[in-house]
Every structure is written in C-alpha cells, then in structure tokens.
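Okay, structure first, notes after.
The values are calculated or read from the model by the stated rules, or taken from the named source; none is laboratory data. Here the structure is a predicted model, which means the values were calculated and not measured. In this analysis, Cβ positions are derived from the backbone assuming ideal geometry, glycine residues included, and neighbour counts consider all displayed protein chains.
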Amino acid sequence: MNIGDQLKEARQRKGLTIAEAEMATKIRGKYLRALEEGAYEELPARVYSVGFLRTYARFLGINPEELVEEFKAISADPERPANLEPVVNKEPFGWRINSRQLRFGLIVGIAVILLGIPVYWLSRGHSSTKMPPASSQITSVNQPDPAAVQPIQEPSPAPPTNSVQPARPTQPVNGRITLELLAQENTWVQVAVDGVNTFTGKLTPGERKLFSGNERVWMLIGNAGGVELIKNGTSLGFPGKKGQVVQQEFRVDNN
C-alpha cells in the first residue's frame, strides 16, 4: 500500500473529512489531498512537504518515519541546484579608455581650470577688505556688597508623619481556570492558554496534561472519545465520541 492509500485509509477510519483534517493539523487541504493522491508536483518545496507528511501521519496515528523515507525515495529533490557553468569575465582587468574619452576629459579639465582662476581672484579681493576692529571695552558689572547680602534661611524639614501607605495586594500566581487532560487512547491535542499556544502534540494512554489560565483555555482534540476533561478538580467526562474532532473553550465567567 503506497503513501497516499495509507493516509486516506487512516483518515476515513477516523471518520474525518479533508476539511476537518485541515482544521486539526493547520495544513492546507489541497496539500493533504495531494499527499493522499500522490500528486507530489502540487506540493511546495521538499523541506515543507516532508514536514506536512510527518505532521499528517502523526495526526492519523501512523508511524511518520517510514512514510517520510519512502517519500524521499520516490519524490524528486527540487532543492538540488542544476549544474551551472561558472561565469568567467573574459575582459582584462583595469579600465579601457579610448581616445574620444581621453579628449573629452582633457577639455573638461581645462574648462574647470579657466573658470576657477577668476573665481579665485574675486574671492581674494573680497577677503582683503578690512573690517572695523571690534570694541575691546568690557562693560563693568556692579558686584553686590557681600555685607548687604542676607543669607538664605533654609526651611526646616517637616516632622515625619505616622501615616503608612497601604500595601498593594499581591496578584495571584496560579490561574483561575485549571484544566486537566487524562488520555485513555492515542489522541492529538492542541491547547492555547489566555490566547497563547501552549501545547501541540500527541497524548498516549495514561498520559496527563495540566493547564492553568487567568482568562480562558481553548483546545482542539482530534479524538474526543479518547481523553477525559477535568476542570477545577471536577471531571467533565469525554467531550465527544471516538475519532471525533472537537473544539472547546473554557472561560472564567463560565466557572
């Protein structure tokens, strides 16, 4: 059985459509369909295609490494560049100046010199004009009599008050929502706490995951009948049936 048949059979066995698999894996549906149909020419660069195949296989509960090795063996390698002949500059090093360029340069140089001579003499004529000397007199400033200066009385410090500023309340460290996932079967899970993606991966039977948030906890479960939800110490049971993809969100105001 080839790669596409294994992927398609595993997806149908879970009762999922391409759209549901796209929502769970965050991989565009046309790439999932190309993997199942063997249309590898519709896939992006090989490094991305291998990543898509590995993620999709894990989501469907298939060993990804075997499929990846088979995919690398039968697919072309678009990353290998074609043999390119080196570009050799056959022109000799240095500047190649013909006689026309040389004559033009000489004419420009002579014109600059001829125009610069009058400008130089005009600038010397303006600079030779004598300027009147600046006045060297300094206006005296009457200094105050030190005896007439009264010392500045520094204000006495105010007596300390006995008032005490109230301390600010300490913010709680732990979140207000505590959600625990207890896996009974293999299941793919994605969890975001307070809008931040916290966990994405596969849970095996008996594995537990604990998440705490101040506002909300959002999750996407690939096998709703294979994981038990425990919210704030209270079991909520299974969020759905086996093989069903379920998306749930818990907020503080729903406690």
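Here are the numbers for this structure:
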item	result
Subset of segment 1-48 [crowded, with 16+ Cβ neighbours inside 10 Å and polar (S, T, N, Q)]	GLN6, THR25
Among the residues listed as VAL217, VAL252, the single one being at pLDDT below 90 and not polar (S, T, N, Q)	VAL252
Search result, residues across segment 46-63 that are polar (S, T, N, Q) and part of a helix (DSSP H, G or I)	SER49, THR55
When residues of segment 183-203 are limited to those that are buried (at least 18 other Cβ atoms within 10 Å of the Cβ) and either of a type outside the set (S, T, N, Q) or in contact with a Cys (Cβ under 6 Å, 6 or more places away or on another chain) (or both), the one modelled with the lowest pLDDT	TRP188
Number of positions in segment 229-255 that are surrounded by fewer than 16 Cβ atoms within 10 Å (Cβ to Cβ), of a type outside the set (S, T, N, Q), more than 26 Å from TYR56 (Cβ to Cβ) and in contact (Cβ under 8 Å) with a residue 12 or more places away in the chain	4
Segment 209-234, residues that are under 21 Å from LYS26 (Cα atoms) and part of a loop (DSSP other than H, G, I, E, B)	GLY222, ASN223
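Listed here are the residues, each with its yes/no results for (1) under 30 Å from VAL245 (Cβ atoms); (2) modelled with pLDDT of 60 or more; (3) not in a loop (DSSP other than H, G, I, E, B).
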residue: LEU32; (1), (2), (3): yes, yes, yes
residue: GLU41; (1), (2), (3): yes, yes, yes
residue: GLU66; (1), (2), (3): yes, yes, yes
residue: LYS72; (1), (2), (3): yes, yes, yes
residue: GLU85; (1), (2), (3): no, no, no
residue: LYS90; (1), (2), (3): no, no, no
residue: VAL108; (1), (2), (3): no, yes, yes
residue: SER123; (1), (2), (3): no, yes, yes
residue: LYS130; (1), (2), (3): no, no, no
